[in-house]
1. Please give the number of the condition Arg61 fails out of (1) open to solvent by 40 Å² or more (accessible area, probe 1.4 Å); (2) more than 19 Å from the chain's Cα centre (by Cα).
2. Can Val125 be described as surrounded by 10 or more Cβ atoms within 10 Å (Cβ to Cβ) and modelled with pLDDT of 85 or more?
3. How many residues, within region 86-122, are of a type in the set (Val, Ile, Thr) and modelled with pLDDT of 85 or more?
4. When the residues of region 37-58 are narrowed to those that are more than 22 Å from Leu15 (Cβ to Cβ) and hydrophobic (A, V, I, L, M, F, W, C), which ends up most open to solvent (accessible area, probe 1.4 Å)?
Amino acid sequence: MNIHWSDRVRNTEVLRQLRWAGHISRMSDNRVAKRIFYSELQAGKRKQGGQLLRYKDVLKRHLKHCDLEPSKWEEMAADRPAWRHTVRNKVFEFERKRRDQLDAKRDELKARPPAAIHYNYVGGVLTCTPSLGDQERSFTRCFLF
């Protein structure tokens, strides 16, 4: 689902948004919420450059991340119990995958080799001990920390 912490969107919000979209798709055509949801800009055009995302754009992104086909979600949402079950399972599956990816990334960072050079500062002397078997180097300089 590729929702990151930096997006500041909780998975419960995604779950609620997908359920709400299903609710809107099942509404009668004369309801205001459905007319607004499916409305298009009649005159004019959007500004050039980066746009603020519309609700439908974010919904489409969340559907893709949950492995739900954006072109078929309305057909799936027509059956309310099946839609709720599917959305719940897909969001929880995404959450499980996201946690696994974070754990794998954390393990990868922990598995990195340590730094090749270690520095020590004792009594005004900075010593450098490389790990490759080179000689130990000492630097005597007055460091005022």
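1. Just one mismatch for Arg61, condition (2).
2. So Val125 does not fit the description; no.
3. Narrowing region 86-122 to residues of a type in the set (Val, Ile, Thr): 86-87, 91, 117, 122.
If we keep only those that are modelled with pLDDT of 85 or more as well, we get 86-87, 91.
Qualifying residue count, region 86-122: 3.
4. Leu52
The values are calculated or read from the model by the stated rules, or taken from the named source; none is laboratory data. Model, not experiment: these values are computed from the prediction. Because the Cβ atoms are built from the backbone with ideal geometry, glycine has one as well, and the counts that use them run over all protein chains shown. In case anyone asks, the SASA skips ligands and DNA or RNA and just uses the protein heavy atoms, side chains included. Shrake-Rupley method; radii C 1.70, N 1.55, O 1.52, S 1.80 Å.
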